[in-house]
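Engineer: Attaching a single structure in structure tokens format; questions to follow.
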Amino acid sequence: MNTVTYESGKLISNIDAILIFVKTGLGDWVDQYAVPGTPVPAPTVCQITTFVRDLVDSAYMDAVGAAYSLPNLKIGRGTFGGVFYLDVVPAPASYRIGPSDVLDTDIQQAIIDAIALGRLPQTNPNTVYIVLTPGEVLWWKGLTGTPAGGGGYHSQIGLSGAQTVPYCVIGIGSLGTAAISHEMVEAITDSDLSGWVDRTKSPGKEVVDLCFPGTVKFHGNDVSTFYSPVTGACVGPADDSMQKPGVSVRIIGGRGYCDGGIVAGQQFTVSAEVTYLGSPEPVAQFQWYSADVQINNISSATTTIRAPAVLGSFTIEVYITTAHGCLASARRTFAAVSEEQSEWFRTLCQIIKHLPRQLPVRVNPLWDPLRDLTTHPLSGEEVAAIKTYVQNLNRLVEHLDLRPNT
């Protein structure tokens, strides 16, 4: 039987999750298969970033809140505070078993220094640092990734004065969605190690430890279950299929219809617009491609292209890797037109712009010309407006070459 009680400690109401990837060398978290000279994040960075972004604002947090909210403090959904990389010196060889292992004290100091230098956002009451390391971490219980040390842990970092900020650390040996969700939930419910705990166990156990290694599938990932004092059981949310969409890419630019379109043989410019949930997304690498035309600056956000000399459609593609290691692409088809067609497009566009969006006079649906023109004759302004409207319509018909033969 589990007896979880609240011990008056700090709880996190709406987590502001800041993801930190520890780097002990240039090769950490880098895609080894990327083009040499243009390092981009490894796919693991994308997987973790996408997972944390989604989890903090999902039904998973609703379930945590349902179990552990207090009358005066509601635990709910949170926000994602960004991705950051911090350089940490590897631990002395006598302390570690691998070249990328680090000391917990060095992680804490790197975070303190980064905040002071403005390389990490200033903390707020909901800040939680989620730290991923390329090796293991030596902390007070031992080395992460070993039976003695466990796969991850959470604690607090002392800042200036009496201020503290909670942080979670997950070593490479336990990098996975279950381990990350495990530490996040315990950082929320037991931020300062005097929150929700079962002290009837020796040693005391936190809410996820009571259900370890239980997991459920949520948004395609394994997430840790946690003990709920409300239901008296280990719980996890049902998968609601509400996972947030990924990065969106679209190709913008070229020449619009009213600008005459893209004339065969002429140069034009296009750009890749990359967003996540409507906001701009930082990009590590661009790669433009076309089987139809030559592209300049194939690795830039904006590139110049010369349209084919032959009239007709042609296609351009762009492949991007975001600063978080996520892959996305877009494809767009354009058309090369003649100078004559280009001039016709501009003329037609001007005609359409000058056409009123509605008839220049109000027309009764039951209009009877003999009756209505007698009782309500048209004014001079209305007659002039109708003449202009008809003239524009005739011009449009002429340019469309739709007039009947006479």
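The values are calculated or read from the model by the stated rules, or taken from the named source; none is laboratory data. In this text, all values refer to a predicted model and were calculated from it rather than measured experimentally. Here the Cβ positions follow ideal geometry from the backbone for every residue, glycine too, while neighbour counts run over all protein chains shown.
Engineer: Could you grab the pairs with beta carbons closer than 7 Å, sequence gap of 6+ or different chains, first residue in segment 64-86 and free of Cβ contacts under 8 Å to residues at least 60 places away in the same chain, second one part of a loop (DSSP other than H, G, I, E, B) and surrounded by 19 or more Cβ atoms within 10 Å (Cβ to Cβ)?
Structural biologist: Filtered contacts from segment 64-86: G65/I75; S69/I75.
Engineer: Additional query: Under the condition of being surrounded by fewer than 20 Cβ atoms within 10 Å (Cβ to Cβ) and of a type in the set (A, V, I, L, M), which residue from segment 137-163 is farthest from the chain's Cα centre (by Cα)?
Structural biologist: A148
Engineer: Being in contact with a Ser or Thr (Cβ under 6 Å, 6 or more places away or on another chain), more than 16 Å from A91 (Cα to Cα) and among the small types (G, A, S) is the requirement here; does G176 meet it? Even if it seems obvious, please write down each step before you answer.
Structural biologist: Working: in contact with a Ser or Thr (Cβ under 6 Å, 6 or more places away or on another chain): no; more than 16 Å from A91 (Cα to Cα): yes; among the small types (G, A, S): yes.
Criteria not met by G176.
Engineer: Looking at segment 226-267, which of the residues that are free of Cβ contacts under 8 Å to residues at least 40 places away in the same chain and surrounded by 18 or more Cβ atoms within 10 Å (Cβ to Cβ) is nearest to D62 (Cα to Cα)? Step through it out loud before you land on a result.
Structural biologist: Let us first name the residues in segment 226-267 that are free of Cβ contacts under 8 Å to residues at least 40 places away in the same chain, namely 233-234, 239, 241, 245, 252, 255-256.
From what's left, surrounded by 18 or more Cβ atoms within 10 Å (Cβ to Cβ): 234, 255.
On the way: C234: 15, R255: 48 Å.
Looking at the filtered set, the residue picked out is C234.
Engineer: Still on this structure, I have one more. Somewhere in segment 203-224, is a residue farther than 16 Å from G150 by Cα, at pLDDT below 95 and either among the basic types (K, R) or more than 24 Å from the chain's Cα centre (by Cα) (or both)?
Structural biologist: Within segment 203-224 (the criterion being farther than 16 Å from G150 by Cα, at pLDDT below 95 and either among the basic types (K, R) or more than 24 Å from the chain's Cα centre (by Cα) (or both)), the answer is no, since none of the residues qualifies.
Engineer: Kindly check whether there is at least one residue in segment 281-290 that is part of a loop (DSSP other than H, G, I, E, B), without any contact (Cβ under 8 Å) to a residue 12 or more places away in the chain, outside the structural domain of T44 (by TED's automatic domain parsing) and within 29 Å of the chain's Cα centre (by Cα). Steps first, please.
Structural biologist: Just the residues of segment 281-290 that are part of a loop (DSSP other than H, G, I, E, B), to begin with: 281-282, 290.
Among the residues that remain, those that are also without any contact (Cβ under 8 Å) to a residue 12 or more places away in the chain are: none.
Scanning segment 281-290 turns up no residue that is part of a loop (DSSP other than H, G, I, E, B), without any contact (Cβ under 8 Å) to a residue 12 or more places away in the chain, outside the structural domain of T44 (by TED's automatic domain parsing) and within 29 Å of the chain's Cα centre (by Cα).
Engineer: Filter segment 86-100 down to the residues that are of a type in the set (S, T, Y) and at pLDDT 95 or above and list them by number. If you could, list the steps in order and put the result at the bottom.
Structural biologist: Within segment 86-100, the first condition is being of a type in the set (S, T, Y), and the residues that meet it are 94-95, 100.
Listed by number, the list is empty, since nothing qualifies.
Engineer: Could you list all residues from segment 1-10 that are within 9 Å of W196 (Cα to Cα) and in a loop (DSSP other than H, G, I, E, B)?
Structural biologist: Start the filter on segment 1-10 by keeping residues that are within 9 Å of W196 (Cα to Cα), which leaves 4-9.
The answer is V4, E7, S8, G9.
Engineer: Also, I was wondering about something else. When you scan segment 236-275, how many residues do you find that are acidic (D, E), closer than 30 Å to A67 by Cβ and either touching a Phe, Trp or Tyr at 6+ places or on another chain (Cβ under 8 Å) or at pLDDT 95 or above (or both)? Full working, then the answer.
Structural biologist: As a first pass, look at segment 236-275 and keep what is acidic (D, E): 239-240, 259, 273.
Still in the list and also closer than 30 Å to A67 by Cβ: 239-240.
From the residues that got through so far, the ones that are either touching a Phe, Trp or Tyr at 6+ places or on another chain (Cβ under 8 Å) or at pLDDT 95 or above (or both) too are 239.
Adding up the residues that qualify gives 1.
Engineer: Taking the options I111, I107, I75, name whichever one is crowded, with 20+ Cβ neighbours inside 10 Å, under 30 Å from L138 (Cβ atoms) and touching a Leu at 6+ places or on another chain (Cβ under 7 Å). Talk me through it step by step, then tell me what you get.
Structural biologist: Numbers: I107 fails: touching a Leu at 6+ places or on another chain (Cβ under 7 Å); I75 fails: under 30 Å from L138 (Cβ atoms).
Among I111, I107, I75, only I111 is crowded, with 20+ Cβ neighbours inside 10 Å, under 30 Å from L138 (Cβ atoms) and touching a Leu at 6+ places or on another chain (Cβ under 7 Å).
Engineer: If you don't mind, there's one more thing I want to ask. Please find, among V293, V318, the residue that is under 18 Å from G254 (Cβ atoms) and surrounded by fewer than 17 Cβ atoms within 10 Å (Cβ to Cβ).
Structural biologist: Numbers: V318 fails: surrounded by fewer than 17 Cβ atoms within 10 Å (Cβ to Cβ).
Within the list V293, V318, the selection yields V293.
Engineer: Can you confirm whether segment 105-124 contains a residue that is part of a strand (DSSP E or B) and either modelled with pLDDT of 95 or more or in the same structural domain as R77 (by TED's automatic domain parsing) (or both)? Please lay out each step first, then the result.
Structural biologist: Here is the first cut: in segment 105-124, the ones part of a strand (DSSP E or B) are none.
For segment 105-124, residues part of a strand (DSSP E or B) and either modelled with pLDDT of 95 or more or in the same structural domain as R77 (by TED's automatic domain parsing) (or both): absent.
Engineer: Give me the residue from segment 321-351 that is closer than 15 Å to F268 by Cα and surrounded by 14 or more Cβ atoms within 10 Å (Cβ to Cβ) and, out of that set, nearest to the chain's Cα centre (by Cα).
Structural biologist: This residue is R332.
Engineer: Here is a further query. Evaluate the following for G171: is it assigned by TED's automatic domain parsing to the domain that holds V102 and surrounded by 22 or more Cβ atoms within 10 Å (Cβ to Cβ)?
Structural biologist: Criteria met by G171.
Listed here are the residues, each with its yes/no results for (1) farther than 25 Å from Q122 by Cβ; (2) in the same structural domain as K10 (by TED's automatic domain parsing); (3) modelled with pLDDT of 95 or more.
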site	(1), (2), (3)
W29	no, yes, no
A34	yes, yes, no
P43	yes, yes, no
Y60	yes, yes, yes
A67	yes, yes, yes
T79	no, yes, yes
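Engineer: With the requirement that a residue be farther than 18 Å from I111 by Cβ, touching a Phe, Trp or Tyr at 6+ places or on another chain (Cβ under 6 Å) and surrounded by 20 or more Cβ atoms within 10 Å (Cβ to Cβ), what does segment 1-40 give you?
Structural biologist: Once the filter is applied, which keeps residues that are farther than 18 Å from I111 by Cβ, touching a Phe, Trp or Tyr at 6+ places or on another chain (Cβ under 6 Å) and surrounded by 20 or more Cβ atoms within 10 Å (Cβ to Cβ), segment 1-40 yields only V4.
Engineer: Go through the residues of segment 306-314 one by one and say whether even a single one is within 23 Å of the chain's Cα centre (by Cα), surrounded by 13 or more Cβ atoms within 10 Å (Cβ to Cβ), of a type in the set (D, E, K, R) and modelled with pLDDT of 90 or more. Don't jump to the end; show me each part of the working.
Structural biologist: First, the residues of segment 306-314 that are within 23 Å of the chain's Cα centre (by Cα): none.
Within segment 306-314, none of the residues are within 23 Å of the chain's Cα centre (by Cα), surrounded by 13 or more Cβ atoms within 10 Å (Cβ to Cβ), of a type in the set (D, E, K, R) and modelled with pLDDT of 90 or more.
Engineer: Which residues, taken from segment 50-76, are in a loop (DSSP other than H, G, I, E, B) and small (G, A, S)?
Structural biologist: Result: S58, S69, G76.
Engineer: Is at least one residue of segment 119-136 more than 24 Å from the chain's Cα centre (by Cα) and without any contact (Cβ under 8 Å) to a residue 40 or more places away in the chain?
Structural biologist: Filtering segment 119-136 for residues more than 24 Å from the chain's Cα centre (by Cα) gives 135-136.
Pick out the ones that are also without any contact (Cβ under 8 Å) to a residue 40 or more places away in the chain and you get none.
Scanning segment 119-136, I find no residue that is more than 24 Å from the chain's Cα centre (by Cα) and without any contact (Cβ under 8 Å) to a residue 40 or more places away in the chain, so the answer is no.
Engineer: Return the total of residues in segment 138-170 being in contact with a Gly (Cβ under 9 Å, 6 or more places away or on another chain), part of a loop (DSSP other than H, G, I, E, B) and within 23 Å of I12 (Cα to Cα).
Structural biologist: Residues meeting the conditions: 1.
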